[in-house]
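The structure appears below as structure tokens.
The values are calculated or read from the model by the stated rules, or taken from the named source; none is laboratory data. Please read these numbers as outputs of a predicted model, since none were measured by experiment. A quick note on method: Cβ atoms are made from the backbone with ideal geometry, for glycine too, and the neighbour counts reach across all protein chains shown. Surface areas here come from the heavy atoms of the whole protein model, side chains and all, with no ligands, DNA or RNA. Shrake-Rupley method; radii C 1.70, N 1.55, O 1.52, S 1.80 Å.
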Amino acid sequence: MLTIDHVTKSYGSFTALEDIQLTLSPGVYGLLAPNGAGKTTLMQMIVTLTRPTVGEILWDGVPIEALGSEYRARVGYLPQQFGFYKQYNPEQFLHYIGTLKGISKAQLREQIPTLLEEVALFDVRKKKMKQFSGGMIQRVGIAQALLGQPDILVLDEPTAGLDPKERARFRSILTKLARNRIVLISTHIVSDIESIANEIIMIQNKRIRYAHTVPHICQSLQGQVFEMFVPDDRYLSFASEHLIVSERQQTGGMDIRFITTHPVQGAQEVPPQLEDVFLFEYRDEVER
Amino acid sequence: MEKNRPIPYPSDEKKEKSIHFILNEMKKPMSRTQLFKQLWTVIGWRLITQQLIIYCISAIALIHLIVTNAASLSESLNSNGLSILVGIPLLFASFLLLTFWRKKEAGTYELEMTTRYTSMQVMAAHLLVLVSAVLVIQTSLFACSALLFQMPSFWIVALLMNGSILILTFGHFFLMVHARFYLWRVLWWGIWLGGNGFMMRLNINEMTLHVGELIVATFLLCALYVLFYQEVMRLCMRVERGDYYAYD
């Protein structure tokens, strides 16, 4: 179990995160917040790249600082900017990272082909990575993070730059591989984690805003999300009065999904979704 | 005036957990030598190919130096030998910089600092082995020249030592920059520059060394090596213990 115990991170006078308290047990956690909210900082503290200014992070009740390299051996990490050696093929790269992880040659020989199969890269295992697409590189990144079967998997914006097909593939890979370990995925794309995360963690104003299941978070907007058809001539005035979360073009107007606390004539109440909550909670950041 | 804030004492549960961890789970801390041995056993040979080119070129240059200068070691170095003596440390420094640049370019630094053995530890282990090899060759060269030929001239010893110290200092400098310990960087470069300045002031090419002076020179090198080893392993121990953060 990973415990983030009243952690604050400051850089000089700037506070990036304040009094973060979380307990993570095996399962998939989606860390959802707009860019610049402190997702990467939190992840960097979990993977020991930077230390909390106040508070501590504990693994099974023991501060990770005391565990040192033993803790690092339990962590698989995919950084936001995943670096790789262009001249290496995926097999060589995984061997290299596996060696740094202290995995024996025999274990690597066993694990690498299996992992490459799982991320659908086995057929190109001998191909230089400089010839790979963004999606393929990201899959190498996921494979390297999974080397050594880590207890904690930290993936920082793993779907950034991927096309919808690759993102769907990524979700299916992750669902398969996320058993019996803590998986923490940061993203600002709601659809990437809505269906696979057991819990969603939302950061707002440097603090945890929500750390709950999707249905629980969505309840916060129960009775406030509506859909209706708005004719073109009324659209501008309507948009200025309500928080629109999505819109679909129709003949002579638009089908609009919006959030409001006051009843609107002709609008039909719909069940709130995570994206509605995200857009509602971060409306200031989104509008900026 | 700001009020004194109360000292945040740990809860009883926290204290119990810490005691349990110390008594039952905490491993006996490794010594520096044990850590180095572990680093080398687990990763040393497996990643050596990455720096193979440094070893190969250094070895070729050294062999060439010995072959071409062995007979005249007691007098003075020919220009070819001199350029090699100056060239080896520079070559070494260039390859280290190249390795570092390659990591920066590839953007793998962040990833390699979160693994069980970090890239800094790997680099330290390789540096220590390389520096040890240089020291062994250096001492052997001194011993061979003293036994087989006449005593080497002060100038040659000075050059050889200069080269070795440059390797030591640059190696350490490189790690310290990697670790952002600026004080050490200044200190090591200070040693090297000071040593060079001292030799330039002496400017005695014809001076012949006595056995005692040769022993002192070797001893000085060994002492520097021990200091180098201690400092490099201290950094490795900090990384091992979890007392070092790449971005702090």
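Structure values in brief
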quantity: Anisotropy class of segment A:51-199 from Cα gyration tensor, a/c 1.5 cut; calculated: oblate
quantity: Pairs from A:Lys9/B:Lys103; A:Lys206/B:Lys28; A:Lys101/A:Lys130; A:Lys39/A:Lys127; A:Lys105/B:Lys28; A:Lys9/B:Lys17 whose Cα-Cα separation, in the structure shown, is over 31 Å; calculated: A:Lys206/B:Lys28; A:Lys39/A:Lys127
quantity: Solvent-accessible surface ranking, highest first, for B:Trp101, B:Trp45 at 1.4 angstrom; calculated: B:Trp45, B:Trp101
quantity: Full-extension gain in nm, B:Cys222 to B:Arg102, via 0.36 nm per residue minus C-alpha separation; calculated: 40.0 nm
quantity: Cα-based convex hull, segment A:156-235, per residue volume (Å³, whole number); calculated: 171
quantity: Amide H contacts of A:Arg181 (H built 1.01 Å from N, under 5 Å, at least 5 apart or other chain); calculated: A:Gly27
quantity: Candidates A:Ile217, A:Ile103, A:Ile185, ranked by Gaussian network fluctuation over chain A, Cα under 10 Å, top entry; calculated: A:Ile103
quantity: In nm, spacing of pseudo-spin labels at A:Thr260 and B:Arg238 (7 Å Cα→C-beta vector); calculated: 6.1
quantity: Total charge dipole magnitude, segment A:162-231, about the Cα centre, Cβ charges on Lys, Arg, Asp, Glu only, Debye to nearest 20; calculated: 360
quantity: Cα centroid separation, segment A:68-136 to segment A:166-244 (Å); calculated: 31
quantity: Rounded, prolate or oblate (a/c below 1.5 giving rounded, otherwise prolate when a/b exceeds b/c) for segment A:35-107 by Cα gyration tensor; calculated: oblate
quantity: Given charges at beta-carbon only (K, R positive; D, E negative), |dipole| of segment A:1-73 in Debye; calculated: 280
quantity: FRET efficiency estimate (nearest 0.05) - Cβ-Cβ, B:Asp248 to A:Arg248, R0 51 angstrom; calculated: 0.60
quantity: Estimated 222 nm signal from helices in chain A, with DSSP H stretches of n ≥ 4 weighted -39500 (n - 2.57), rounded to 500; calculated: -9500 deg cm²/dmol
quantity: Scaled radius of gyration (Cα, divided by 2.2 N^0.38 Å) that chain A gives; calculated: 1.14
quantity: Area accessible to solvent at B:Val226, 1.4 Å probe radius, in Å²; calculated: 80
quantity: A:Ser240 accessible area, assembled protein chains, probe 1.4 Å, Å²; calculated: 90
quantity: Estimated FRET transfer efficiency when R0 is 35 angstrom, pair A:Glu227-A:Ser25 (beta carbons, to 0.05); calculated: 0.40
quantity: Positive dipole terminus of segment A:1-67, leading residue within A:Ala37, A:Leu49, A:Leu17 (C-beta point charges); calculated: A:Ala37
quantity: In Å², nearest 10: area of B:Cys222 left accessible to a 1.4 Å probe; calculated: 50
quantity: Added length on full extension, which subtracts the Cα-Cα distance from 0.36 nm per residue, A:Glu275 to A:Gln149; calculated: 42.2 nm
quantity: Computed FRET value (nearest 0.05) for A:Asp284 with A:Ser13, which takes r as the C-beta separation and R₀ as 30 Å; calculated: 0.85
quantity: Residues of type aspartates and glutamates that B:Lys37 reaches as a straight line, Cα spacing below 18 Å, ignoring anything fewer than 8 places off in the same chain; calculated: A:Glu70, B:Glu231, B:Glu240
